[in-house]
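Notes to accompany the following structure.
Coordinate-derived values only; no laboratory data. A quick note: this is a predicted structure, and the numbers were derived from the prediction, not measured. We place every Cβ from the backbone using ideal geometry, glycine too, and count neighbours over all the protein chains shown.
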Amino acid sequence: MHSDLERVLLREEEIARRLDTLAAEITADYEGKDLTVLAILNGSLIFMADLLRRIPLPLQIDCLRVRSYYDKMESSGQVDFDRAALPNLADRHVLLLDDILDSGHTLAAIVEAVRQDVRPLSVKSCVLLRKVKKRARPIEADYVGFDIGDEFVVGYGLDYQERYRNLPLIGVLRQP
Ligand code: IMP
Ligand code: MG
């Protein structure tokens, strides 16, 4: 799998170190609050597992399966998820977790649906990666692991056509 990469962007140890500080920040902010982490699958699976084991709060975990359709390596703007599958979290603070903020379509659609249908005490979002670019939707994340350039990356949960999610590092895919 490594030979499909043009270069490595973030090594395992770098990701781990950043998760330590990110987790400490989230822990301090949600101390004493009823927190539910709503992880957006499949992309945030590995990020979620590593981040949440660093947060010593009595939090709850829920997952939402979302598909963002990509034409080649660009978002098509179509985001599919089952609104009826949103959990009942009206008395909770919700922290959405996603792998990457790119066009903003995915996070914008989910934040909107959670605000309208779930009406939790608060909604914030946390992404491992944020592409520095102009977004199609005006949405920002409250917690960000790393800012990266506008390149297509894989590994650590991120896929290209469902491959590379199990790479332990994050790399830029070699152009075909
Ligand atoms: P957005 O809707 O364009 O912000 O993108 C959000 C989703 O698109 C993420 O949760 C990823 O699943 C996918 N995505 C965006 N950029 C990349 C990338 O560089 N590599 C792999 N997946 C990506
Ligand atoms: Mg994907």
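Descriptive notes on the structure:
- Cβ-based net charge around residue 33, under 12 Å, with every Lys or Arg adding one and every Asp or Glu removing one: -2
- Over 28 Å between alpha carbons, listed pairs 72/134; 33/133; 72/131: 33/133
- Enclosed volume per residue, in Å³, of the convex hull spanned by Cα atoms of the stretch 13-148: 103
- Here the stretch 96-176 is described by how far its Cα atoms reach on the three principal axes: 43, 26, 21 Å, from widest to narrowest.
- Taking the average, over residues, of other Cβ atoms within 10 Å as the packing measure, peptides 122-133, 84-95 rank 122-133, 84-95 from highest down.
- A straight line joining the Cα centroids of the stretch 39-76 and the stretch 102-135 runs 12 Å.
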